[in-house]
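S.K.: Please see the structure below; I have some questions.
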Amino acid sequence: MSTPSSESDRVLADKVVAVPEARQLDVLASLLERRGASVLRCPLVGILDSPDEPSVVGWIERVIATPTDLVVFYTGEGVQRLVGFARRAGRDAPFVAALARTPKLTRGPKPKRALKALELEPEYVATEPTTAGMIETAKAIAAPLRRVALQLYNRDQDRQLVDFFEQRGAGVDAVAPYVYASQADDERVAALIGELAAGRVDAIAFTSKAQVQRLLELAQKRGLEAALRSGLERTKVAAIGPVVAAELASARIRVDTSPKESYSMKPLVTSVCELLGGAP
């Protein structure tokens, strides 16, 4: 017999939820469908290995060979991609050994889980999963930081964390092991905007900044920004965590719900269930 909190409860019956997720699309869609939702799948952004393999492997070699005071991981995807590059170069064992002997700082639960899969634990976890949270945590590290190895989520991301470490006197060795690629074609994204504008979507669940950016870029390119904003005004908007919520807010898009603590798929689905009318 199911209980009110069981995953089989169909609290989202008759609800349409748009899912822009790409990498874990099936996982998120399945969680929503188990609760009765009709899922509108439109993966906006794909993730690919960095095309600059020599730079990534060079970073890995420096972590292996050069004494490093701190390795910083923004994302679980970054940990996994770096291990993939190391494996293809035949350097995964020494790379993992280097990580084991080096203090590690992670932004949130995903890089922590990725390290756990390697039987590693971060010595430091950000007070909140944002750059500001990472800086706050790093301020409490008493040990000298002469060399910091930093995994970026985007080659063009802001330099706030880099600047912090450099102001502490550290040399920062940064790498971006993956790039974002447009996953859905423009017509499918335009069709999603049309569904939002027509009021046929009850909620949309964003799981990355890149999804928000891609949707806005396409809307501007197609002259559909007014339709998109109108659609989002009548649609409940969910964000997986504070980073995505901040991106939406900076674009003047209202955020209706976000997990309070654990920023991953299941808490996101729980938030959507609560928002649309019941506990999961």
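The values are calculated or read from the model by the stated rules, or taken from the named source; none is laboratory data. Everything quoted here is computed from the prediction, not taken from an experiment. In this analysis, Cβ positions are derived from the backbone assuming ideal geometry, glycine residues included, and neighbour counts consider all displayed protein chains. We work out accessible area using only protein heavy atoms, side chains counted, and drop any ligands, DNA or RNA first. Shrake-Rupley method; radii C 1.70, N 1.55, O 1.52, S 1.80 Å.
S.K.: Straight-line reach from LYS110: which lysines fall under 17 Å, measuring Cα to Cα and dropping same-chain residues less than 8 apart?
M.R.: Here the lysines satisfying the reach criterion relative to LYS110 are LYS209, LYS260, LYS266.
S.K.: Among all stretches of the chain without exposed GluC sites (Glu not before Pro) (DSSP loop, at most 15 other Cβ atoms within 10 Å), which one is longest?
M.R.: Longest run free of exposed loop sites: 124-260.
S.K.: A follow-up question, please. Label points 7 Å out from Cα along the Cβ direction at SER230 and ALA97: separation in nm?
M.R.: Inter-label distance under the simple model: 6.4 nm.
S.K.: What does the charge dipole of the stretch 35-151 about its Cα centre add up to, to the nearest 20 debye, if the Cβ of each Lys and Arg holds +1 and the Cβ of each Asp and Glu holds -1?
M.R.: 220 debye
S.K.: Straight-line reach only, C-alpha to C-alpha below 16 angstrom: list the aspartates and glutamates that LYS116 could link to, leaving out same-chain residues fewer than 8 apart.
M.R.: GLU77, ASP92
S.K.: Between ILE135 and ARG200, take the C-beta separation as r, use R0 = 41 Å, and let me know the FRET efficiency to the nearest 0.05.
M.R.: 0.45
S.K.: Then there is this: Where nothing but the Cβ of Lys and Arg (+1) and of Asp and Glu (-1) is charged, how large is the charge dipole of the chain around its Cα centre, in debye to the nearest 20?
M.R.: With only Lys, Arg, Asp and Glu charged at Cβ, the dipole is about 200 debye.
S.K.: Give me the extension gain from ARG188 to ASP158: residue separation times 0.36 nm, minus the current Cα-Cα distance, reported in nm with one decimal.
M.R.: The span from ARG188 to ASP158 would gain 7.8 nm if fully extended.
S.K.: Once the Cβ-Cβ distance between ALA13 and THR127 is put in as r, and R0 is 35 Å, what FRET efficiency do you end up with, to the nearest 0.05? Walk me through the intermediate numbers first.
M.R.: Details: r = 39 Å, r/R0 = 1.10.
It comes out at approximately 0.35.
S.K.: Sticking with this structure for a sec: How much area per residue is accessible in the chain when the probe is 1.4 Å and only protein heavy atoms are counted (Å²)?
M.R.: Ligands and nucleic acids excluded, the result is 46 Å² per residue.
S.K.: Can you give the translational diffusion coefficient of the chain in µm²/s, computed by Stokes-Einstein from the Kirkwood radius over Cα pairs at 10 °C and 1.306 mPa s?
M.R.: My calculation gives 79 µm²/s for D.
S.K.: Can you list the trypsin sites (Lys or Arg not before Pro) in the stretch 182-228 that are in a DSSP coil and have 15 or fewer other beta carbons within 10 angstrom? Don't skip to the end; give the middle numbers.
M.R.: Details: sites: ARG188, ARG200, LYS209, ARG214, LYS221, ARG222; in loops: ARG200.
Hits after loop and neighbour filter: ARG200.
S.K.: Where the Cα atoms of the stretch 174-238 are projected onto their three principal axes, how long is each span, largest first, in whole Å?
M.R.: Cα extents, longest axis first: 43, 24, 16 Å.
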